[in-house]
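The values are calculated or read from the model by the stated rules, or taken from the named source; none is laboratory data. Keep in mind that this is a model prediction, so the values were computed, not measured. Ideal geometry is used to build each Cβ from the backbone, glycine not excepted, and the neighbour counts take in all protein chains shown.
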């Protein structure tokens, strides 16, 4: 192998490592059967949510994972693989990919990576079912303000009773 080819592969591996280090979660999918327009639609949806959809060579991903100490992906990195790197929220990439897979019924989620560890399909599906960070924060705020509101109403009722 030429020195230029080795250098190019090293560059690809370092780029993948950077993506893995910056991603909150990664979903690995088998993209066989998808049309160009479906992949374009998926990429656009992913991009709008700060998720990067990338088709990469399994050997390059395996090497990057090995260098980062991520193990357990051997069975996942077989056959054609695309990778969804979720950078903002750990549940958005699994959620978007699961919704898309159910919609087109042509692709399969093979597994993923979260917190520098391999995760299986079941964990990816559980992540997809988890509400987004924004939804969880909204629920938290409603529960906090609801408690404060109830306290204020109760205190006001006590005050009015004492004044009467």
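I'd like the full set of residues that are surrounded by 18 or more Cβ atoms within 10 Å (Cβ to Cβ) and assigned to a helix (DSSP H, G or I), limited to the range 20-46.
Those that are surrounded by 18 or more Cβ atoms within 10 Å (Cβ to Cβ) and assigned to a helix (DSSP H, G or I): 20, 42, 46.
Residue-wise test of (1) closer than 20 Å to residue 10 by Cβ; (2) in the same structural domain as residue 19 (by TED's automatic domain parsing); (3) touching a helix residue (DSSP H, G or I) at 6+ places or on another chain (Cβ under 6 Å).
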| site | (1), (2), (3) |
| --- | --- |
| 56 | yes, yes, no |
| 64 | yes, yes, yes |
| 81 | no, yes, yes |
| 90 | no, yes, no |
| 106 | no, yes, no |
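Those residues that are assigned to a strand (DSSP E or B) and more than 15 Å from residue 31 (Cα to Cα), I need them from the range 47-58; list them, please.
Hit for the range 47-58 is 51, nothing else.
Quick one: which helices (runs of 4 or more DSSP H) lie wholly within the range 75-164 and hold at least 3 residues that are out of contact with any strand residue (DSSP E or B) (no Cβ under 9 Å at 6 or more places or on another chain) and under 18 Å from residue 42 (Cβ atoms)?
92-104
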